[in-house]
Structures are given as structure tokens and as C-alpha cells.
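*Asks:* I am attaching a structure below and will ask some questions about it afterwards.
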Amino acid sequence: MPEKQTDLVQGTLDMLILKTLALEPMHGYGISVRMEQVSKGVFRLNAGSLFLAIQRLLRDGLIEGEWKPTENNRRAKYYTVTRKGRKRLSNETREWVRQVAAIARILEAS
Amino acid sequence: MSLLRDVASGLRSLFRKDEADRELDEELGAYLEMAVEDKIRQGMSRQEAVRAVRLERGSVEVTKEVVRSGGWESLVQTCWQDLRFGLRTLRKSPGFTAVVVLTLALGIGANTAIFSIVNAVLLRPLPYANPGQLVIVPEAKLEAGISRAGMSYRAFTELRDTNRVFSAIAGLGGHALVLTGYGEPSEVSTVAVTSDFFSVLAAEPLLGRVFIRGDGERGAASAAVISENLWRNRFGADPGIVGRSITLDMRAYTVIGVMPAGFHTPFLNQTDQVWIPLVQDPLFSVWMTRPPQEHWMNAVIARMRPGVSTTQVQAELDTIGARLAKEFPTEKGWAIRIEPLQQTVTGDVKLPLLLLLGAVGLVLLIACANIANLLLSRSTSRSKEIAIRIALGAGKRRIVRQLLTECAILGLLGGLIGTVVAYWGVATLVPLLPSSLPRFHAIRVDGQVLLFALALSLATSLLFGLAPVLSAAGSDPHQELGDGARVGESAGPRRARAFLAVGEIALAMVLLTGAGLLMRSFAQLTSVNPGFQPNHVVKAMVSLPQFQYSTPKQWAAFSEELMTRLQAQPGMQDSAIAGPLPIVDCCISLAFQIVGNPLPQAGMDDTANYVPASPRYFSVMGIPLVRGRLFNESDSSSSPAVALISEALAKRYFPNEDPLGRRLMFGFPANGVVSREIVGIVGDVHDVSLGKEPGPMLYVPYAQAPLYGAEVVVRSTMGTSAVVGAIRTVTHAIDKNLPVTDILSLPDALNESVAQPRFRTLLLGLFGAIALMLAAVGIFGVISYSVSRRTHELGIRVALGAQPRSVLAMILRETLALTLIGNAVGVPCTIATARLITHLLFNVTPYDLVTLALASLVLVAVGALASYIPARRAMKVDPMVALRHE
């Protein structure tokens, strides 16, 4: 079940989306494809989870959306990370790295 | 910022739903289309690609639902949806809705009505500024068993002038004075107060002013403050009333102020009132000079200074008390205490009122159990609908919320109609309330009460809704929608239903037993022989203005004249005049000494209740002579002083000797203490109340100890109004300014004396009956549902040769099991709660086996009756129909 694979730690999905968008502005489908590619298929996003997260990020003012034509001449909403979003991302990345390192140390200790 | 954005975006999708929807649609459409194109590029056909994408990414509709439910605005939306859906569902089953709403309305209405009484009498602070600072200051002599007595004027002034803990302190004493000059002479409730009375209560007048220190001094002009009610009723709301003169007991008082209708003297329910300075009072002013041992002032109230603790106050009072005891030996043994005013005002009625509130709460609980039961049955029949909704993707939480919304609608509708019931209930109950209930004029359905009703509605919705809702939401769609023919129902809801019915029976038992105990106690109380024969006896009070009739000689002359004239009237031969009547007026308690016995220790006097009575009193009242003789016409002020005693006094003080011929020393202060010979013993009467043992009584000839006003009692077969008419005519023939008041027939007076127990017995009986009815409905519901679910099984049984009798026996066994378990649970609950009402019972123990047995018998019988209809249906099950049923 693809959904199982996105059963992430609360808030992690938001961080991954921010990270993906920090590289370049992208539309919803682009985000999910990019995340699948980068994670080598581990994270296959369900549309519901994706757009729920996007709505959350929008309302928190971490990203902004804008309708633009796609390369196939279709209209899609492209999302950009705001300044506040970048700050949040760098904070959360630092925190994440710290935690992962700590967890790894604990796991390796035994 | 982000909160603002959240709200803005939420509002946008709430109010411009279509636009937000279209945008989401477009975005999702683009998303899925891109995914499909990718799949096609990988070599799938379009159809395959669309299916694959839907499997991988989820359907558009579900996604939209998920995204929409992410914001807060969706909560508003779904609530609105749930509300409309709930209303629609309820409208579709009007019978069910009506039963539930009416049951709830009854329960909530009854609770709200009782709460409005409790709120007005017990909870609402007294209607004075900072009521927490108000205390009453009684003197007490605990070793003599006196916990609350008045205070002498001397002790009062000492306390007033030397204490540092009260910001104001005042004494008051109440009686009735005769108001003349405005229409028919009438008695008005008069409160004689010291000058700080109104400042203790921090009360402001409506017109004019209240008393100041100068008004309380000797030689001051006589002033009066009147109540708004009196002002409106007797003086036509005359705006120039301040400064005018009114006549009380033939003496002129200048009105200096009018108190607003909302102001009441603590402890008094009367609304027509006059307040006069103590020094101007015809009775009490004389006593201001009396020595301290005469504890007379009805009450002393005080306002504690802000920030002073009760322990500080008590310490100060102890010091002052000790100083007084040193100065006046008679004060020895007396302590000055304080008691919160609120506690004193509501003390006696707290327990009965809380009992009623508890009982009516139990009724609501039973009603809730009933509704929960109904809902459980309904949710079983709605299980398919719910299963379909779960299968379509509704989350458990969403279902719970929707079902709870339905419950809340029911609860609020019930509360709404319940409020109407409460208004009606309060209007019906208030006239039934015993007039001795403190603060009963404050009872009404107000904001607080409405808030209570609202909270109650919501709480009950949760209470009756929780079990059925959780059981419904927990259902498994696979099982509900599978093809397996379901015979019977799953054990969960069925057990829950049986559990609820058992609970109902247990609660009903508690209420029934409580009601039964009160009824038995009330029956015992009213079957008490009062010691006199009340039937055909009418009494009226004739008061003599004390400034006009100031000497005992005048009082005696008046009463003799009155009796002579009255007895000359046709049908009025059996009439008498006497002091306080038993139960009606209660008592004048006097200390007495037996001549020849050693003097009692100081402060340990023997006391008895004192009644001056004219010769025919005993035959009018039907009080039997036990030994010796009654009074006769020759017992006059010039003949030897004599007395009659009651059997109780004879038994207690002359256990081994003949009291006849012995002498007693006592006297009502007005005519002083004299030695009287005991000439007879009469039967006991219940002097205080039917519930209290008869106390020792002293009777003296009225002619030897007249009063300035007394009760006229007449035994006559003529109607009350004819008798009173005769008394009025005769009295006014002597003096047209004399009021004839407090007219009562003695049977009515006896009835009135048990008004409080009657009221609570009536209400608790009513609650017990409702509880019984609800429990019966509950049992009926469980059994009839069980029969309808078991139609199939019963059909098989009948097909296999079961006789209708055995089917009936089976159903009855089921009912019996329910009621017996209910009883088994109920008995310990009942025993635990019955203890609480011990103080309200008269001659019945709270563990009365007869009542308990009767209550459980009634429950079993009602249970059997309730299961009769479903049992008959079960007996008539046709196997052919039943087997085709599923």
C-alpha cells in the first residue's frame, strides 16, 4: 500500500515538501514525482495527503501559490517557498539532523 | 499573520465555496491528468492509466473531501450538514422523536423547576450588599442545650459600643401592630429595630431616609419606615407619604422613608411591613431597661468588617462575653456566638430541598436510560445505513459526530420544551409551597435557571447518546452488509440494553422507597393525636392597642366583656379566650419553681409552656381533665391564684407524689411571678408541632393573667365565616378600632403545620410515580425488542412443538430476571441513600423493611405488566410467518 509508505512522522511531509520546493517552484504533481524520484520510490504520495499538506503550508504562510501554464500548455498552480518557509525549513532540517544523529547513536550503542 | 491568513482562507472557502471548489477541482484535475499522461508514456492504454492512477493516488472525490476537511471551516460546514441531516432523520420518525423529546422535556422541566426553587432559596446570595459579611449574633448556653437565644438589651449595647470587629450591628424584634386610619383597621408586621438596622444590611430607601442614630434615642420623635408594598396597598402610592403621620396601636408615627419592594427583613416573608425604632415600640421599649437575664431580643444581626476572619470575631466576642459574665452573674454560662446569616435563613430547608433536587435528578437519569435504550434499538435498525456510510469512506469520528449532533438536537428540543414545563411547574409549585419556606418570593425562572436548563440539556444529550453512538460507530460494515442472514443481534447492544433496564429499575427502587418512606412518615405524622379536638373549632386573634389598653385590668375587663357578649350569641356558647394556641402559635416558655423543692442551680431553670385560658377553653379545645378540677368563673383576679398542669409536667416533676395541692412559682413578666396552687391535671397537647413530643404545660386562669391580645376560640357547627362574623360584630360593638385577624379553622391550622412535609411527600411521590412509569416503559422496550428480534427463534421453537404457555414462561422469566437483578442492585443503593433522609422521617426508620419490600413488589408487578404485551405477541408467533421473516 503506497499510503503506508507516507505514514511519516507528523510534520515530516511538510518538511519534505518545503525542501522539494526550495530547489525550484513546482506544481502538485511535480512535487510528488520529485519526491518519488529522490526517495527512489519509498515515498509515493497519495493526492489527499499531498494537497492537505499544501493547504496547511499555504495557510501557515510558508509557501505561496500562483497559476501558470505548464510545459504542456496546461494551467497548474506553482508553489514557491516564502522567506518564512525557508527559515522554517533550515530550522527543521537542523533539528532533524540533530535528532537522527542522536537516534543513530542510540541504535548503534547496543 | 498566519492566523489571519488561516481565518481569511477559511472564510473564503466557507462563503465562496463554489470558487474554492472550482479551483481545487482544476488543480486536482491537472494533477491527475499529468499522472495519467506519465502512465501513458510508460506504455499503458488510457483506460488502464486512469485506473492505475486512481488506485495509486486516490479518487478525486475522496481527495477533495480530505483536503476540505483539513481546515477549520470544514467543521462549521459539517456541523451545519449534520444539523440538517439530523433534523431530517428525526422528522422521518416523528413518533420516536416525540417520545424522546417529551420524556426529556418532562425530566429537564422538572429538574429546572426544582432547581429554580433551590437556586432562589439556597444558592442565590442573600439580597444584601456583600452578604458574606452578614452574621447573626445569638447567645448560647450549650450546657443547657440552648444553641440560639436572643440577647438582652444590655449585652447588646455593650457589644455594640465596645466591639472592633463589626462595622455595624443591630437588634430586631418583630410583632404585629394595628394600623388604623386608612380603611379597615389591620395588623401590620412590625419590626422594631435598633438604629443601625438598615446600615447593617446596607439597604437604601426608595423614598425619604432610613433610621439614623438619633432616631434610636429616648425622647426622639417617633419615626417609621414602611415597605413599598404597604405604601402601594394602603396609601395608594402617595408620593407625599414622607412626613405624613400614620397610627400604629393608636400612636402616631411620622413616615420618614419607604423601602423598595426587593428589600426584606431577614427571616420574614411578609411584604407589608413597618419598621420602627426599638425605643418607640410599645412592647420592647419597656424591656430595654430590663436586666440582662431576660434574653428577649429576637435576633441580633451584624456586618463583619472587611478582612476580619470569623475566628477573630469569635475571639473578640469571647472577651466581651467574659466581661459581661463578670459584671452580671446571670450571664454566666452564656456565650456569644456568630452564625452566617445565609446559613441561619436556609438552615431547616436545606436538606429537604437538596433531597428533592437529588430525587428529580434520579428521575432524569432514568429518563436518560430510557432514551439511551430507545436509541440503541434505533441504531440497531439503522446499522445498515451506518455501515453503508462507513463503507463509503466516512470516518469513525465523523459518524460519532453526526450521531451526537442528532442527540444534541433531541436534547436541546427537550430542553426548550422543558423550559416551558419549568415555567409552568414553577407557577404551579409556588402556591403549593409552604409559606414558611424562606425567601420563596424570590423563586422564578431567571437567567441562571435557563443556563442550568441549557447545560442540563447538553449534559443529558451526552449521557443518553454516548453508549448508543459508540456502539453504532463501532459496527463493522463487512458484517452488517455481508450476505449472512443475521438472526438475533450482536451481544454488545443487547447487553447494554439489559444493563440500562437494570439501572432504571434500581434507580426507580431508590425513588419509590424514598417516596414510600416519606408517605409512611407523613401518615404517621398526621395520625398523631394532637391532644385536642380540632374539628369545628375556629380561632381568631383580637389585639388590644397597647397605648389605649395599657393595664392588665383593662385587658381583663375587655376579655370578660367579649366573652359575655360572644357567648350570648346563638350557637357561640362554646367559646373561650386563651394565650398561645398549641401548634398554631407555639409557645411562651417560662421558668418555674416548685415551692418546697430546693432551688435549681443558676441558669438551670425548669421551663414549661405557659397558657392563660378562660374557663371554657378546655371544653372548646377538647382537652380532657385527668384529675382535680378545671377553671371556673370564680377563678378571678381577687380569688386565690391557681394553675393547671399537663400530664407531662406531672410525670416529669412529680413522679412519685400527688401534684394536686402543691404550689408552683412562675409568672409572665407583665403580672409578675406569683405562687399558684395546682388544682388539676389536664391531658397533654402537642404544643410545638405534631412531630414533637408534648412538652410540659402550665395553664392559668385568663382572668388572673390577662394578655393585651389573645386568641378567641369557638367550637361551633356554624361555618367559619359565620363564626368569624359573630366575633367581628361583637368585638367592634365594644371598640370599632379593634382588628380581628389571623382567622383560621384549627383543622386548617393543623394542615398548615405539616405543609412542608406534605409538600416534599407530594413531590417525591410524584417523582416516584414518574420513575415507575419510566422504568415500566424501559422494561417494555427491552422485552418487546427482544421478542421482535427473536421472532425467528420463537418460530422454530413453536414449529418444534413449544406450547404458547412455555413461550410465555420464557418471556416472563426474562422479565423477572431483569427486575430481580434490578432489585438486587437497587436494595443496597436504597439502603445507602435512605440514610440521608433519616432526619425527615417521623416514627419510621430509614431501613423500613415493609416499604422496601413493597417497593420491590411493585417493581416486579409493574415489570410483569410491562412485559405482558410483548409476551402475548410472542405467544401468537406463527411459525410459518416467523421462518420467512429473515
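*Asks:* Does B:Asn751 meet the test of being in contact (Cβ under 8 Å) with a residue 12 or more places away in the chain and in a helix (DSSP H, G or I)?
*Replies:* Working: in contact (Cβ under 8 Å) with a residue 12 or more places away in the chain: no; in a helix (DSSP H, G or I): yes.
When the stated conditions are applied, B:Asn751 does not pass them.
*Asks:* Under the condition of being hydroxyl-bearing (Ser, Thr, Tyr) and in a helix (DSSP H, G or I), which residue from the range A:64-98 is farthest from the other protein chains (Cβ to nearest Cβ)?
*Replies:* By that ranking, first place goes to A:Thr93.
*Asks:* Might you check whether a residue that is over 60 Å from the mean Cα position of the chain (by Cα) and either in a helix (DSSP H, G or I) or at positive phi (or both) occurs anywhere in the range B:5-18?
*Replies:* No, the conditions are met nowhere in the range B:5-18.
Yes or no, residue by residue, for (1) touching a residue at least 60 places away in the same chain (Cβ under 8 Å); (2) closer than 28 Å to B:Ser435 by Cα; (3) of a type in the set (Val, Ile, Thr):
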position: B:Glu677; (1), (2), (3): no, no, no
position: B:Leu690; (1), (2), (3): yes, yes, no
position: B:Gly695; (1), (2), (3): yes, yes, no
position: B:Ala703; (1), (2), (3): yes, no, no
position: B:Leu707; (1), (2), (3): yes, yes, no
position: B:Pro739; (1), (2), (3): yes, yes, no
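*Asks:* Check B:Leu351, B:Leu410, B:Leu375 and return the single one that is surrounded by fewer than 19 Cβ atoms within 10 Å (Cβ to Cβ), under 30 Å from B:Gly503 (Cα atoms) and not hydroxyl-bearing (Ser, Thr, Tyr).
*Replies:* On the way: B:Leu410 fails: surrounded by fewer than 19 Cβ atoms within 10 Å (Cβ to Cβ); B:Leu375 fails: surrounded by fewer than 19 Cβ atoms within 10 Å (Cβ to Cβ).
Going through B:Leu351, B:Leu410, B:Leu375 in turn, the sole match is B:Leu351.
*Asks:* I would also like to ask the following. Can you confirm whether A:Gly61 is without any contact (Cβ under 8 Å) to a residue 40 or more places away in the chain, touching a strand residue (DSSP E or B) at 6+ places or on another chain (Cβ under 6 Å) and within 11 Å of chain B (Cβ to nearest Cβ)?
*Replies:* Numbers: without any contact (Cβ under 8 Å) to a residue 40 or more places away in the chain: yes; touching a strand residue (DSSP E or B) at 6+ places or on another chain (Cβ under 6 Å): no; within 11 Å of chain B (Cβ to nearest Cβ): yes.
For A:Gly61, the condition - without any contact (Cβ under 8 Å) to a residue 40 or more places away in the chain, touching a strand residue (DSSP E or B) at 6+ places or on another chain (Cβ under 6 Å) and within 11 Å of chain B (Cβ to nearest Cβ) - is not met.
*Asks:* So, one more: Of all residues in the range B:115-171, how many are surrounded by fewer than 20 Cβ atoms within 10 Å (Cβ to Cβ), among the hydrophobic types (A, V, I, L, M, F, W, C) and in contact with a Gly (Cβ under 8 Å, 6 or more places away or on another chain)?
*Replies:* Residues in the range B:115-171 being surrounded by fewer than 20 Cβ atoms within 10 Å (Cβ to Cβ), among the hydrophobic types (A, V, I, L, M, F, W, C) and in contact with a Gly (Cβ under 8 Å, 6 or more places away or on another chain): 1 in total.
Yes/no matrix, rows are residues, columns are (1) in contact (Cβ under 8 Å) with a residue 60 or more places away in the chain; (2) acidic (Asp, Glu):
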{"residue": "B:Leu836", "(1), (2)": "yes, no"}
{"residue": "B:His839", "(1), (2)": "yes, no"}
{"residue": "B:Asn843", "(1), (2)": "yes, no"}
{"residue": "B:Tyr847", "(1), (2)": "no, no"}
{"residue": "B:Ser867", "(1), (2)": "yes, no"}
{"residue": "B:Met875", "(1), (2)": "yes, no"}
{"residue": "B:Asp878", "(1), (2)": "yes, yes"}
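*Asks:* Taking the range A:64-87 only, how many residues are touching a strand residue (DSSP E or B) at 6+ places or on another chain (Cβ under 9 Å) and of a type outside the set (Gly, Ala, Ser)? Spell out the reasoning first.
*Replies:* Our first condition is that a residue be touching a strand residue (DSSP E or B) at 6+ places or on another chain (Cβ under 9 Å); within the range A:64-87, this holds for A:64-70, A:75-82, A:85.
With of a type outside the set (Gly, Ala, Ser) added as a condition, the list becomes A:64, A:66-70, A:75, A:77-82.
Residues meeting the conditions: 13.
*Asks:* Just checking, does the range B:463-479 include any residue being buried (at least 19 other Cβ atoms within 10 Å of the Cβ), modelled with pLDDT under 90 and not in a helix (DSSP H, G or I)?
*Replies:* Yes, the conditions are met somewhere in the range B:463-479.
*Asks:* Name the single residue, out of those in the range B:697-748 being assigned to a strand (DSSP E or B) and hydroxyl-bearing (Ser, Thr, Tyr), that is nearest to B:Phe618 (Cα to Cα).
*Replies:* Checking each candidate, the answer is B:Tyr699.
*Asks:* Would you confirm whether any residue within the range B:682-691 is touching a Gly at 6+ places or on another chain (Cβ under 6 Å) and at pLDDT below 85?
*Replies:* Checked the range B:682-691: no residue is touching a Gly at 6+ places or on another chain (Cβ under 6 Å) and at pLDDT below 85.
*Asks:* Restricting attention to the range B:572-592, does a residue exist that is at pLDDT 85 or above, among the acidic types (Asp, Glu), farther than 25 Å from B:Thr551 by Cβ and in contact with a Ser or Thr (Cβ under 7 Å, 6 or more places away or on another chain)?
*Replies:* Yes, the range B:572-592 contains a residue that is at pLDDT 85 or above, among the acidic types (Asp, Glu), farther than 25 Å from B:Thr551 by Cβ and in contact with a Ser or Thr (Cβ under 7 Å, 6 or more places away or on another chain).
*Asks:* Also, I was wondering about something else. Quick one: A:Ile54 ticks every box in (1) within 24 Å of B:Ser59 (Cα to Cα); (2) part of a helix (DSSP H, G or I); (3) in contact with a Leu (Cβ under 9 Å, 6 or more places away or on another chain) bar one, so which box is it?
*Replies:* All conditions pass for A:Ile54, except number (3).
*Asks:* OK, next. Considering the range B:792-842 alone, what residues qualify as being among the charged types (D, E, K, R) and under 20 Å from B:Leu857 (Cα atoms)?
*Replies:* Those that are among the charged types (D, E, K, R) and under 20 Å from B:Leu857 (Cα atoms): B:Arg813, B:Glu814.
*Asks:* Provide a single number: the residues in the range B:18-50 that are more than 12 Å from chain A (Cβ to nearest Cβ), within 24 Å of A:Gln55 (Cβ to Cβ) and touching an Asp or Glu at 6+ places or on another chain (Cβ under 9 Å).
*Replies:* The total comes to 0.
*Asks:* Test each condition in (1) surrounded by fewer than 21 Cβ atoms within 10 Å (Cβ to Cβ); (2) modelled with pLDDT of 85 or more; (3) over 22 Å from B:Thr380 (Cβ atoms) for B:Ala802 and report the one that comes out false.
*Replies:* (2)
*Asks:* Shifting gears a bit: How many residues does the range A:85-110 contain that are in contact (Cβ under 8 Å) with a residue 24 or more places away in the chain and not hydroxyl-bearing (Ser, Thr, Tyr)?
*Replies:* 6
*Asks:* If you don't mind, another one. Can you go through B:Tyr708, B:Tyr653 and tell me which one is under 30 Å from B:Pro545 (Cβ atoms) and among the hydroxyl-bearing types (Ser, Thr, Tyr)?
*Replies:* Every option except B:Tyr708 fails the conditions.
*Asks:* Scan the strands (runs of 3 or more DSSP E) fully inside the range B:212-268 and keep the ones with 1 or more residues being touching a helix residue (DSSP H, G or I) at 6+ places or on another chain (Cβ under 6 Å) and farther than 29 Å from B:Gly347 by Cβ. Outline the logic, then answer.
*Replies:* Numbers: elements: B:223-227, B:245-248, B:251-259.
Output list reads B:223-227, B:251-259.
*Asks:* A follow-up question, please. Could you say whether any residue in the range B:774-791 is over 26 Å from B:Ala496 (Cα atoms) and not acidic (Asp, Glu)? Before the answer, list the steps.
*Replies:* Here is the first cut: in the range B:774-791, the ones over 26 Å from B:Ala496 (Cα atoms) are none.
No, the range B:774-791 has no match at all.
*Asks:* Out of curiosity, is B:Val53 within 14 Å of another protein chain (Cβ to nearest Cβ), surrounded by 13 or more Cβ atoms within 10 Å (Cβ to Cβ) and more than 21 Å from A:Gly48 (Cα to Cα)? Step through it out loud before you land on a result.
*Replies:* Details: within 14 Å of another protein chain (Cβ to nearest Cβ): yes; surrounded by 13 or more Cβ atoms within 10 Å (Cβ to Cβ): yes; more than 21 Å from A:Gly48 (Cα to Cα): no.
No; evaluated as a whole, the condition is false for this residue.
*Asks:* B:Val712 - would you say it is touching a Lys or Arg at 6+ places or on another chain (Cβ under 7 Å) and crowded, with 19+ Cβ neighbours inside 10 Å?
*Replies:* Yes: the conditions hold for B:Val712.
*Asks:* Taking the range B:658-674 as the region of interest, how many residues are modelled with pLDDT of 90 or more and out of contact with any Lys or Arg (no Cβ under 6 Å at 6 or more places or on another chain)?
*Replies:* 6
The values are calculated or read from the model by the stated rules, or taken from the named source; none is laboratory data. Being a predicted model, the structure only gives us computed values, none of them experimental. In this analysis, Cβ positions are derived from the backbone assuming ideal geometry, glycine residues included, and neighbour counts consider all displayed protein chains.
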